[in-house]
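Everything on this sheet refers to the single structure shown next.
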Amino acid sequence: MNRYVVLLRGINVGGKNLIKMTALAASLAEAGFADVVTYIQSGNVLVSSKELRRPALTKKIEGVLGKRFDYRASVVIRDTKEMKRIVTRAPSGFGVEPARYHYDVLFLKEPLTAAEAMKSVKTKEGVDQAHAGAGVLYFSRLIARKSSSQLPRIVGTPIYQRMTIRNWNTTTRLLQLMTEA
């Protein structure tokens, strides 16, 4: 069995696509996934599956969720090895000054590449920094000037539909949960 984190896009935000985590976990368990665990209300689910092909796994999960919760499901999936790489290969200093910077990881939905995403992600000098990683972008913003950050502006762009954002603490906690299982 392989361990995966399934990151749902666009649920439990602004009163839209409200899904209880117990119902989410139950729907994936009923669909044949093992060791289903949810983490916080923003759509983070750990599952085990024999399926190795990412497109098949994505299609199955999106189909199950779309049918069960009546919405256009979109998920980004990473396995344990990929999550380890995302955390260990973060840019130097990323995540080390949480009192000064807010750190986010933009998980990219295949076939979107980090190089392609970087062309659309704008930064404000002295406020934002963005770095390409393997299937992700690392984004930090100065808390004192957070209102000047360019990150919120990405929400209105077409590329935003092909990514989901998690803060650094959530990202590292998901890896911890994956490796503890």
Arranged from highest to lowest average of other beta-carbon atoms within 10 Å per residue, in what order do the peptides 20-30, 101-111 appear?
-> 101-111, 20-30
Percent relative contact order for the chain, counting Cα pairs under 8 Å at least six residues apart, stands at 22 percent
What dipole magnitude, in Debye to the nearest 20, does the chain give about its Cα centre under +1 on Lys/Arg Cβ and -1 on Asp/Glu Cβ?
-> 280 debye
Among the listed pairs LYS50/LYS81; LYS59/LYS109; LYS122/LYS146; LYS84/LYS124; LYS20/LYS67; LYS60/LYS109, those beyond 18 Å (Cα-Cα) | LYS84/LYS124
Using the Kirkwood radius built from alpha carbon pairs, what does the Stokes-Einstein equation give as D for segment 36-120 at 4 °C and 1.567 mPa s, in µm² per second?
-> 85 µm²/s
What number, rounded to the nearest 500 deg cm²/dmol, is the helix-based mean residue ellipticity at 222 nm of the chain, given -39500 (n - 2.57) per DSSP H run of at least four residues and division by all its residues?
-> -9000 deg cm²/dmol
Using only the Cα atoms of segment 83-180, build the gyration tensor, take square roots of its eigenvalues as a ≥ b ≥ c, and label the shape rounded, prolate or oblate: rounded if a/c is under 1.5, else prolate if a/b is larger than b/c, else oblate.
-> oblate
Which label belongs to the value computed from this structure, given these candidates for P(r) over Cα pairs in 10 Å bins from 0, in percent: (1) 9, 28, 23, 9, 7, 6, 7, 6, 3, 1, 0; (2) 10, 38, 41, 11, 0; (3) 9, 38, 37, 15, 2?
-> (3)
What is the projected area of the convex hull of the Cα atoms of segment 2-82, averaged over all directions, in nm²?
-> 4.8 nm²
Given 37 °C, 0.692 mPa s and a Kirkwood radius over Cα pairs, the Stokes-Einstein diffusion coefficient of segment 114-158 in µm²/s is 302 µm²/s
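All of the numbers you see were taken from the coordinates with simple rules; none came from a lab. What you see is a predicted model, and the numbers here were worked out from it, not measured in a lab. Note that we place each Cβ from the backbone using ideal geometry, even for glycine, and neighbour counts take in every protein chain shown.
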